[in-house]
1. Can you find, among 118, 132, 147, the residue sitting farthest towards the positive end of the charge dipole of the range 104-157, where Lys and Arg contribute +1 and Asp and Glu -1 at Cβ?
2. About the Cα centre of the range 88-157, what is the dipole size in debye to 20, counting +1 per Lys and Arg Cβ and -1 per Asp and Glu Cβ, all else neutral?
3. Which length gain, in nm to one decimal place, applies between residue 39 and residue 136 when the Cα-Cα distance is subtracted from 0.36 nm times their residue separation?
4. Report the FRET efficiency, 1/(1 + (r/R0)^6), for residue 95 and residue 4, where r is their Cβ-Cβ distance and R0 is 41 Å, rounded to 0.05.
5. Listed here are the pairs 117/148; 66/117; 51/141; 66/154; which of them are more than 25 Å apart at the Cα?
6. Would you kindly derive the ³J(HN,Hα) couplings of the range 121-126 from the backbone phi angles with the Karplus curve 6.51 cos²θ - 1.76 cosθ + 1.60 (θ = phi - 60°), listing them in order in whole Hz, with x for Gly and Pro?
Amino acid sequence: MKLFNQFYIENKNSLFAYLMRMTGDYYLASDMLQESFTRLLARYPSSAWCKALLFRVARNAIIDEKRKLRDGKRRALTENHGAQDHEHDLMIRESYREVLKALQGLEPMEQDILNLKISSNLTYRDIAGIVGISEANVKVKIHRARIKLKSVLKNEV
């Protein structure tokens, strides 16, 4: 269990950042974080644990969640969870929402690959293995996604 705790501590923040970008929902991202580590622990020996595998498990959990949404099986989430009323926090949240909205305007594959790169510091080769395309294609898609994102954000300002 000590090994798992160390692995969890080292990877939880970057995985949560990825899940937040992919879902846009703090509570769903929290659930997906727990689900990802649970699946990893239950299905893989500790010798196989690595950041790339963890992100692949998380990506598959997101795909499963999207299927549930499509099939109408997702549980309703409550919107009000006691948000703070500080002006600074609201400004940060608004900026974050704008970036998330811009990210959601990208094609799903571009979103996924860019979020993996931003959140995880995985190599292009690791990302290629996770999403099932070539390393060169990952580089091209990340470059194009960044250009699109930059363009969208400039137009919103």
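1. Positive-end residue among those listed: 147.
2. Details: 12 positive and 9 negative charges, 50 e Å.
It comes to approximately 240 debye.
3. Details: separation 97, 0.36 × 97 = 34.92 nm, distance 2.99 nm.
Contour length minus Cα-Cα distance gives 31.9 nm.
4. On the way: r = 35 Å, r/R0 = 0.85.
That pair, residue 95 with residue 4, gives E of 0.70.
5. Values: 117/148 16 Å; 66/117 21 Å; 51/141 21 Å; 66/154 30 Å.
Going by Cα-Cα distance, 66/154 fall outside the 25 Å limit.
6. Result, rounded to whole Hz: 6, 6, 6, 4, 5, 4.
A short reminder: the numbers here are calculations on the coordinates, not readings from a lab. These numbers come from a predicted model, not from an experiment. Here Cβ is always computed from backbone atoms with ideal geometry, including for glycine, and neighbour counts include all displayed protein chains.
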